[in-house]
Amino acid sequence: MSELHETAKALVAEGKGILAADESGGTIKKRFDSIGIESTEQNRRAYRDMLFTTPGAEEYISGVILYDETIRQSAHDGTPFPKLLESKGIIPGIKVDQGAKPLALAEGETVTEGLDGLRERLAEYHTLGARFAKWRATYSITDDLPSEYCVWANAHALARYAALCQEAGIVPIVEPEILQEGTHTIERGYHVAGRVLLALYTELFDQRVDLEGTLLKPNMVLSGYDASNRAGVDEVAEWTLKCFYKHVPAAVPGIVFLSGGQSDEDATAHLNAMNASGPHPWKLSFSYGRALQAPALQAWGGKADQVEAGQRAYYHRAKLNGAAASGLYAPEMERETANV
Ligand code: 13P
């Protein structure tokens, strides 16, 4: 088990966090649509090549989550992506869930699929270099949802996934993402997050998962995106910490947040505010997709002559989030020139 502990700790090394670059075919198409380029295998490879070859990214990035297609692709010089990342001291990871599907007899709710054949898929991903994995469950907030049924069905699946990962020598990142669309108050967001975490840690315990060899990837506790009087940075930090202090065991080495549609600057400021009031029992860092990639995607725009501009934008965001992971970010840093 100690290798799992080492990997989990390395992923939340001081001032470092994770790049989530595991967008599924549908999601990456949406991202490419936003810059008007076609989602071909070659364009997807070129985009990930730009991110992964960014000079110095390893100063702030401990691991990268890949998608099934990406873990099999290579950089422009022919080096397989997992090998390229390893050579920079970045740990390759892999998304292994097969998506959130409608939960039977539960209107408006989902359960994440992908357990069938997972043992065999994990064995292959391990040979391809993956040392950690991700499984994402999603929940919606309304006055009545999520149901207990949805909360426990997803917790059960997350724990089955986590146990299989540990058996395969792979650190499971458990990701219960409560979607923040809607008008809910931050108090309601806090209440729902507590229920979801209580079920998750009950199932992980029952299914014999060693928490020291896991990481939690949650949403922050926020007011709904369409709520009036949305909570500010300090309030978000307070409610989020209050929730985790109540529900996340200290044996968990790290909590790596998803950005979930927050603006880049909000995602960084919220993380920083939580770390500024530390130390806490677990490391608090990031596993951002959009909040690390959005400016890089825009700067690149699918153009070969804009690779360096894209890399500068990605490096800059990684640096600011690395600072936030140590509580050392200041909004003025947003205006620094993004130099690679
Ligand atoms: P976002 O940071 O864009 O939410 O993506 C993180 C992720 O991996 C969601 O599963």
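Got a number for residues in segment 187-218 being in a strand (DSSP E or B) and either touching a Leu at 6+ places or on another chain (Cβ under 7 Å) or polar (S, T, N, Q) (or both)?
1
Quick check on my filter: what residues within segment 260-283 are within 15 Å of Y60 (Cβ to Cβ) and not acidic (D, E)?
Hits for segment 260-283 are A267, T268, L271, N272, N275, K283.
Please count how many residues of segment 14-54 are without any contact (Cβ under 8 Å) to a residue 60 or more places away in the chain, of a type outside the set (F, W, Y) and away from the ligand (no atom under 14 Å from the Cβ).
So the answer is 12.
For segment 326-338, does any single residue satisfy the condition of being within 16 Å of the ligand (Cβ to nearest atom) and part of a helix (DSSP H, G or I)?
Looking for residues that are within 16 Å of the ligand (Cβ to nearest atom) and part of a helix (DSSP H, G or I), one finds none in segment 326-338, hence no.
Using beta carbons and a limit of 7 Å, which pairs, at least six apart or on different chains, have the first residue in segment 282-310 and free of Cβ contacts under 8 Å to residues at least 12 places away in the same chain and the second one surrounded by 19 or more Cβ atoms within 10 Å (Cβ to Cβ)?
These pairs meet every condition: Q306/A299; Q306/W300; A309/A299; A309/W300.
Among the numbered criteria (1) over 26 Å from V12 (Cα atoms); (2) of a type outside the set (S, T, N, Q); (3) more than 15 Å from the ligand (Cβ to nearest atom); (4) within 21 Å of the chain's Cα centre (by Cα), which one does A159 miss?
Looking at each condition in turn, A159 falls short on (1).
Take segment 275-299 and flag every residue that is away from the ligand (no atom under 16 Å from the Cβ) and more than 23 Å from P92 (Cα to Cα).
Across segment 275-299, the qualifying residues are N275, A276, S277, G278, P279, H280, P281, A299.
Can you tell me how many residues within segment 114-127 are touching a residue at least 24 places away in the same chain (Cβ under 8 Å) and either touching a Pro at 6+ places or on another chain (Cβ under 6 Å) or loosely packed, with under 13 Cβ neighbours inside 10 Å (or both)?
Residues in segment 114-127 being touching a residue at least 24 places away in the same chain (Cβ under 8 Å) and either touching a Pro at 6+ places or on another chain (Cβ under 6 Å) or loosely packed, with under 13 Cβ neighbours inside 10 Å (or both): 1 in total.
Only one of A162, A157, A193, A168 is out of contact with any helix residue (DSSP H, G or I) (no Cβ under 8 Å at 6 or more places or on another chain) and modelled with pLDDT of 95 or more; which?
After ruling out the rest, the residue left standing is A157.
Would it be correct to say that K9 is surrounded by fewer than 19 Cβ atoms within 10 Å (Cβ to Cβ) and within 15 Å of the ligand (Cβ to nearest atom)?
Numbers: surrounded by fewer than 19 Cβ atoms within 10 Å (Cβ to Cβ): yes; within 15 Å of the ligand (Cβ to nearest atom): no.
For K9, the condition - surrounded by fewer than 19 Cβ atoms within 10 Å (Cβ to Cβ) and within 15 Å of the ligand (Cβ to nearest atom) - is not met.
Would you confirm whether any residue within segment 306-314 is surrounded by 23 or more Cβ atoms within 10 Å (Cβ to Cβ), aliphatic (A, V, I, L, M), away from the ligand (no atom under 15 Å from the Cβ) and modelled with pLDDT of 95 or more?
Yes, segment 306-314 contains a residue that is surrounded by 23 or more Cβ atoms within 10 Å (Cβ to Cβ), aliphatic (A, V, I, L, M), away from the ligand (no atom under 15 Å from the Cβ) and modelled with pLDDT of 95 or more.
If only one of K9, K101 is in contact (Cβ under 8 Å) with a residue 12 or more places away in the chain and either within 21 Å of A318 (Cβ to Cβ) or over 21 Å from the mean Cα position of the chain (by Cα) (or both), which one is it?
After ruling out the rest, the residue left standing is K9.
Check segment 247-266 and report whether any residue there is more than 16 Å from the ligand (Cβ to nearest atom) and either hydroxyl-bearing (S, T, Y) or out of contact with any helix residue (DSSP H, G or I) (no Cβ under 6 Å at 6 or more places or on another chain) (or both). If you could, list the steps in order and put the result at the bottom.
Looking only at segment 247-266, we keep the residues that are more than 16 Å from the ligand (Cβ to nearest atom), and these are 247-253.
Remaining after also requiring either hydroxyl-bearing (S, T, Y) or out of contact with any helix residue (DSSP H, G or I) (no Cβ under 6 Å at 6 or more places or on another chain) (or both): 248, 250.
Scanning segment 247-266, I find at least one residue that is more than 16 Å from the ligand (Cβ to nearest atom) and either hydroxyl-bearing (S, T, Y) or out of contact with any helix residue (DSSP H, G or I) (no Cβ under 6 Å at 6 or more places or on another chain) (or both), so the answer is yes.
What residue, of K303, K319, is among the charged types (D, E, K, R) and buried (at least 20 other Cβ atoms within 10 Å of the Cβ)? Working first, answer last.
Values: K303 fails: buried (at least 20 other Cβ atoms within 10 Å of the Cβ).
Only one candidate qualifies: K319.
The values are calculated or read from the model by the stated rules, or taken from the named source; none is laboratory data. What you see is a predicted model; the values in this text were computed from it and never measured. All Cβ positions, even for glycine, are placed from backbone atoms using ideal geometry, and neighbour counts span all protein chains on display.
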